[in-house]
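Bear in mind that the values in this text are calculations on the coordinates, not laboratory data. As the structure is a prediction and not an experimental result, all values here were calculated from the model. No Cβ is skipped: glycine too gets one built from the backbone with ideal geometry, and neighbour counts run over all protein chains shown.
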Amino acid sequence: MKKILFIDDSALMRRIFCDIINSDHRFVVEDTAADGLEGLKLVKEKSYDLILLDLMMPKMDGITFLKKMNQMQYPAKVVIFSMVAGEGTHITIEALSQGAADFITKPQSMEEIQSEKFKTLFFKIISSVVFEDETDISNLYESEMHLQKHNGNVISDLIKKHDKRSHGQQAKKIVAIASSTGGPKALMEVLPYLPADLDAPVLVVQHMPAGFTDSLAKRIDSVSNLKVQEAADGMVLEKGNVYIAKGGLHMEIKHKNRADRICLFDGCTREGVKPCANYMFESLANSKFQEVVCVVLTGMGADGTEGIERLKHSKPVYVITQSKETCAVYGMPRAVDMAELTNESVPLDKVAEAIIKNVGVMKDGC
């Protein structure tokens with residue numbers, strides 16, 4: 001039985017969700033706290049398998065709590081449970097960047113809370129975070145200062161600091177990244193360590209609903225050498241740029257008007273998600289890129305495996321997966337590994353290095 005700490009300033013939410021969580025024999029709410037300060041006292045004394053964390057609380061908010069957890073390198077996994085509309089979107093992205101594995105939008109009514117649809121989603125998310133990978137992820141809970149220290153000796157020899165810029169020439173290679181649960185934190189450990197003169201554009205499919213990917217892109221862009229942006233329909237793919245698929249839409253690459261461009265489209269979910277990385281990988285088969293470096297990071301499910309397998313029939317493909325011990329959820333990388341599609345499985349702090357070695361940098365900035 002997995003022990004859960006539920007942190008929320010609403011006594012009503014604490015009572016209701018204790019009953020809901022305890023109704024599943026796999027989980028028990030071991031303790032509750034009314035704010036981050038109470039929660040911090042508890043984690044200093046006891047261990048938990050999962051922490052459900054509200055963000056907007058008195059005394060100590062959820063972001064401050066996460067930062068304190070990072071400093072302690074506390075190993076429990078965290079799922080955000082909060083109302084995330086409007087400004088909350090940016091706060092949620094900050095929480096995910098600080099190491100939270102996933103988030104659940106707090107229901108607006110008792111009717112929604114009691115619905116089978118919500119309960120199914122609720123247990124699906126917390127189950128995937130707790131059970132799909134039992135490895136210790138304490139190494140993922142690190143302070144913001146780690147950004148400057150990350151993989152310094154190797155990466156510093158490969159990266160040259162430049163102003164962000166676009167490069168109009170057609171690239172021969174492209175990097176395509178897929179990530180899901182735990183992905184925002186993982187992307188913060190990869191994209192900022194790619195150089196501005198990387199000899200390829202970068203595509204990213206991060207499983208997220210509409211309204212979140214723009215904030216995610218801006219958050220990562222603020223600490224990156226490459227220009228990181230939310231993808232828009234019709235964008236031409238250029239070196240020096242990272243394009244994150246728009247939440248709630250699928251993303252394909254199509255060759256139109258003598259250029260490889262982004263094509264966004266609505267449609268049914270695939271692999272239970274939208275955007276789905278399989279579409280991105282498959283579409284690259286008909287692009288003008290001669291080589292593709294596929295990267296599969298932490299996430300539940302198997303999105304990416306089918307797309308990579310089909311792409312390998314059309315082009316030279318090099319596949320990098322995140323190693324089990326550094327994944328928040330070792331689902332998507334495991335599916336690729338088990339399909340024997342992986343060329344290299346590396347710890348999270350070596351992913352950027354692996355990309356650079358397989359793509360290279362532009363000579364004399366061109």
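What distance in nm separates the simple spin-label points at SER10 and SER222, each placed 7 Å from Cα in the Cβ direction?
Label at SER10, label at SER222, 2.7 nm between them.
From the phi of every residue in region 304-312, what ³J(HN,Hα) in whole Hz does the Karplus formula 6.51 cos²θ - 1.76 cosθ + 1.60 yield, where θ is phi - 60° and glycine or proline is x?
Result, rounded to whole Hz: x, 5, 5, x, 5, 4, 5, 4, 5.
Add +1 for every Lys or Arg and -1 for every Asp or Glu among the other residues with Cβ under 11 Å from the Cβ of PRO107, and state the total.
Every neighbour counted, the sum reads +1.
Rounded if a/c is under 1.5, else prolate if a/b beats b/c, else oblate: with a ≥ b ≥ c from the C-alpha gyration tensor eigenvalues square-rooted, which is region 1-84?
Oblate, since a/c reaches 1.5 and b/c is not below a/b.
Calculate the spin-label point distance for LYS357 paired with LYS256, positioning each point 7 Å from the Cα along the beta-carbon direction, and give it in nanometres.
3.8 nm
Can you find, among PRO107, VAL43, MET338, the residue farthest towards the positive end of the dipole of the chain? Put +1 on the C-beta of Lys and Arg, -1 on that of Asp and Glu.
Working it through, the farthest residue towards the positive pole turns out to be MET338.
Set the Förster radius R0 to 22 Å, insert the Cβ-Cβ distance between LEU42 and LYS119 as r into 1/(1 + (r/R0)^6), and round the FRET efficiency to 0.05.
0.30
Give me the number: length gained by fully extending HIS90 to PHE265, i.e. 0.36 nm times residue separation minus the C-alpha to C-alpha distance, one decimal in nm.
So the extension gain works out to 60.5 nm.
Return the inverse of the average 1/r over all pairs of distinct C-alpha atoms in region 162-365, which is the Kirkwood hydrodynamic radius, in Å to one decimal.
The Cα-based Kirkwood calculation yields 16.3 Å.
Hey, what do the phi angles of region 35-43 turn into as Karplus ³J(HN,Hα) couplings, whole Hz, using 6.51/-1.76/1.60 and θ = phi - 60°, x for Gly and Pro?
Values, residue by residue: 6, x, 5, 5, x, 5, 4, 5, 5 Hz.
Given Cα pairs under 8 Å that are at least 6 residues apart, what percent is the relative contact order of the chain?
Taking the mean separation of contacting Cα pairs over the length of the chain, I get 14 percent.
Just from the alpha-carbon atoms, what are the Rg and Dmax of region 53-114 in angstroms?
12.1, 39
What ranking do HIS90, HIS250, HIS255, HIS313 get, fewest neighbouring Cβ atoms within 10 angstrom at the top?
Ascending number of Cβ neighbours within 10 Å: HIS313, HIS255, HIS90, HIS250.
Could you check the spin-label model distance between LYS315 and ARG26? Points 7 Å from the Cα along Cα→Cβ, value in nm.
About 3.7 nm separates the two model spin labels.
In percent, what relative contact order does region 2-131 have, based on Cα pairs under 8 Å that are 6 or more apart in sequence?
Relative CO of region 2-131 lands at 21 percent.
Write down the percent of antiparallel bridges among all DSSP beta bridges whose residues are both part of the chain, to the nearest 5.
Looking only at bridges with both residues in the chain, the antiparallel portion is about 20 percent.
Rounded to the nearest 500, what is the chain's calculated 222 nm mean residue ellipticity when only DSSP H runs of at least 4 contribute -39500 (n - 2.57) each, over all residues?
Result for the chain, helices only: -9000 deg cm²/dmol.
Does region 265-366 come out rounded, prolate or oblate, given a ≥ b ≥ c as the square roots of the eigenvalues of its C-alpha gyration tensor, rounded meaning a/c under 1.5 and, failing that, prolate meaning a/b above b/c?
oblate
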